[in-house]
Amino acid sequence: MTRTFPGVIANQDVDLTIHAGEIHALLGENGAGKSTLVKMIYGILAPDSGQIDWQGNTVSIPNPAFARELGVAMVFQHFSLFDSLSVLENIALGMDSKVNRAELKSRILEISSRYGLPLDPDRHVYTLSVGERQRIEIIRCLLQEPKLLIMDEPTSVLTPQEVSRLFETLRRLSEEGLAILYISHKLDEIKALCHRATILRNGKRVDVADVNDESTSSLAAMMMGETLETTTPRIGNQAGELRLSVKNLSLEAADEFGIPLKNINLDVHCGEIVGIAGVAGNGQDELLMALSGESVSTQSDSLFIDGKACGQLGPNKRRALGVAAIPEQRLGHGAVPEMSLVDNTFLTAFQRLGLVGGGFIKNSVTRQFTEKVIENFNVKSNGSKAFASSLSGGNLQKFIVGREILQNPGLLIVSQPTWGVDAGAAQTIHKALRDLADRGAAVLIISQDLDELMAGTDRIGAICAGELSDIYDTAALSIEEVGLLMAGSALDEKSLATGGLNNV
Amino acid sequence: MDILIPTILTIITAATPLLFAALGELITEKSGVLNLGVEGMILAGAVCGFAAVHFSGSASFGVVAGAAAGALLSLIFAALVLGFQASQVATGLALTIFGVGLSALIGQDLVGVAYDGLPKVAIPFLSDLPLIGEVFFKHDVLVYVSLLMVPLVWWFLTYSRAGLVLRAVGDSHDAAHAMGYPVVRIRLFAILFGGAMSGIAGAYLSLAYSPMWIENMSAGRGWIALALVVFATWRPWRVLLGAYLFGGISILQLHAQAMGIGIPSQVMSMLPYLVTILVLVLISRDQNKIKLNSPACIGKPFHPTS
């Protein structure tokens, strides 16, 4: 299958075979082309070329209704549910054919007991947990008696207990001959659940692996790519004074889907770039928020900036100390969508740039600074008055990164700096980060992009399940070793004979 | 006894227009659209209904014309709100102002024209019952229709598939759209139904309640109807209760004033509003029930994305 979008080849000659009764993983990083492939199978997108064989016959699938008729069902990552309606009503709304309520109710109860999906048809959706809501979607699919069930990152919203329950259900379904296509980038889940895995990278199929023969780190290597072409590690950087020092920082998760941070220790010096690798959802967001001050620690001495204990200071007070943070989520976290770029600039820059005078906003100074960001970082927008939401993802990223870097922070914490940004813009951002470090700032990059980290950092560590590994010199580590760190294993020190172990 | 029967009869006629307008608005709001133009649509229905009867002499044609006028006005609202995604609140307010002016313009030559009122329909046998027959079974046909609409609207929302889809659209238009339901078309029908019901309410005012045309004769009933829907937490039976409570107290306080009770008349005039709101708030104070019945998407513009 091949499918292109303007400027991107989302899928290039991708092959995928799934057998009845098999749980098949579709593995790849964000942007690897998993969604595109699945959307073609479910009839949401039309392929540019390629063919789909269904039970031996070549078919073309023009729309989701036809896919359902064939026997393809899909559970989306974002549910389409109505809060104020009952479970029964929700399921009735999703059925293509009309069924009377009593009959539907008894069928729901039958499926719910047979596959261990406890659900009361008369409950209203707003009273249900996310796991229970997902069961509605699954039952809705199973009612159509599918032969292939596609699940798009089903565990991203579940608690560990709900995950193991879901796995039991999926195993039982596969034993009955249902084929399941399981999309995920969580390696341990795939190892625990799936039989085979198709690995995608940059829109191409890299490999089909028998999951039993692989380890999580070998799967990670396939997913991330072993061959790094232009790795030019930063070497010869003399780290300056200690700027950020995190000591035994632990934080409870904010809600049941968050990751608690466990005993984080980390030092970042002036003039160096430190990278934190990790598979998504292992505590990256929490770490960023703990450093930026959005989540405040109970212990003041868990975090020092330039030697000042500030574990209990909020974001504005940390900003005053020279901290700038760029969160992963651009719209709604990094920028307010319904505000202009000028207003968005003001929100993070008013302290450092002194944009308030006598209680009033200094409009012309703010606008000039905004225009400087737009110009220096080549942000494509309708001027500084444009709404943040009107910018494309990549351009908004350039704007946010530029806004923080041009404030000349003493410490910059950035998560996913080049997420969804084209190659040229990524280069601009990487260069700006290096220049910032060369000017003496401490830079911390949290990223899922290993290439970016291997090429652009002085030291590197990884976060796994809320725990941060030791930090090593980037030049001393191989990709496999970083993969091990990402999987949460400790490195054997003998294997690091050549590298200077820079333990914290 | 002499005063009782006429009092009950006036209460029923006072409640009927509120019931029509509120049930219509309930359906509109259940689909996720807040139409604040009820007052304007009532006035349009009143003047057009009256004019139609005046020129054609047919009472039923008058009612149909009232409904059509209300629906037509709501079509303007629908075009702005659904077609151009204008703010529902601002558009609804504008619709009310527009309806006041338009009805005054149309009704210029109708002021002072007399009409006998809608014919009463006595239900055979039942109307011969002593007392009860007089009170409940000798009304114009619109009273019966309004009362019939309550179970009809309730059944539609609770048990019919179309009603389920309507509620779904009001609860989450994005999810409904994702499932392939035509959100805009469903909302259009809901708005038109609300408009037609408001139009009938208006026609009832000018043809039965006080059979004549006076400028601005709805006197805020549109706003009462809107409030009833919210305070009844979008439940048809409670709308019925609220409409009769309001109608009842507004008539009773007039009688009380006439009898010379020593309470300032301004306080008495406040009573219907106070009591209705108080009673409905008290019986509908269960937070879960409110969450369950209120359309979550109300007032939000729908931007279809694929």
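Every number here is computed from the coordinates shown, using simple stated rules; none is lab data. Because the structure is a prediction, the values reported are computed rather than measured. As a convention, Cβ positions derive from the backbone with ideal geometry for all residues, glycine included, and neighbour counts pool all protein chains shown.
Counting only lysines at least 8 places from A:Lys191 when in the same chain, those with an alpha carbon closer than 26 Å to its own are A:Lys34, A:Lys39, A:Lys147, A:Lys204, A:Lys262.
For B:Lys120, the aspartates and glutamates whose Cα comes closer than 18 Å to its Cα, not counting residues fewer than 8 places off in the same chain, are B:Asp128, B:Glu134, B:Asp140. Considering only DSSP beta bridges with both partners in the protein assembly as shown, what is the antiparallel share in %, to the nearest 5? The antiparallel proportion sits near 45 percent.
What is the sum of charges around A:Ser295, taking Lys and Arg as +1, Asp and Glu as -1, for the other residues whose C-beta is under 10 Å from the C-beta of A:Ser295? It works out to a net charge of -4.
When the convex hull of its Cα atoms is viewed from all sides, region A:166-205 shows a mean projected area of 3.1 nm². Within the set of other residues whose C-beta is less than 10 Å from the C-beta of A:Thr155, count the net charge using Lys and Arg as +1 and Asp and Glu as -1. It works out to a net charge of -2.
In this structure, A:Thr298 and B:Gln287 have a Cβ-Cβ separation that, at R0 = 30 Å, corresponds to a calculated FRET efficiency of about 0.35.
Per residue, the convex hull spanned by the alpha carbons of chain B comes to 143 Å³. Shielding of peptide B:168-175 by partners, expressed as the average count of other chain Cβ atoms within 10 Å per residue Cβ, is 5. Per-residue packing, averaged as other Cβ atoms within 10 Å, sorts the ranges B:228-239, B:193-204 into the order B:193-204, B:228-239, beginning with the highest.
The separation of region B:38-98 from region B:163-214, counted between C-alpha centres, amounts to 12 Å. Spin-label model, A:Arg434/B:Leu75: points 7 Å from Cα along the beta carbon direction are separated by 6.7 nm. Considering only the Cα atoms of region A:344-459, their convex hull presents on average a projected area of 7.4 nm². Which of the lysines could be linked to A:Lys385 by a straight reach, that is with a Cα gap under 30 Å, when you skip same-chain ones fewer than 8 residues away? Those lysines meeting the cut-off are A:Lys317, A:Lys362, A:Lys372, A:Lys398, A:Lys431, B:Lys300.
Computed over region A:3-224, the alpha-carbon pair-distance distribution with 5 angstrom bins reads 1, 7, 15, 18, 20, 16, 12, 7, 4, 1, 0, each value a whole percent. Note: region A:378-422, Cα convex hull, 79 Å³ per residue. Which one, A:Ala20, A:Phe76, A:Val38, projects farthest toward the positive side of the charge dipole computed for region A:3-224 from Cβ point charges (K/R +1, D/E -1)? Positive-end residue among those listed: A:Phe76. Give the separation of the Cα centroids, region A:246-298 to region A:105-173, in Å. The distance from the Cα centre of region A:246-298 to that of region A:105-173 comes to 33 Å.
Give me a single rounded figure for A:80-90: the average over its residues of other chain Cβ atoms within 10 Å of their Cβ.
Taking the mean over all residues of the peptide, I get 6.
Sorted from greatest to least, the principal axis extents spanned by the alpha carbons of the protein assembly as shown come out as 109, 74, 46 Å.
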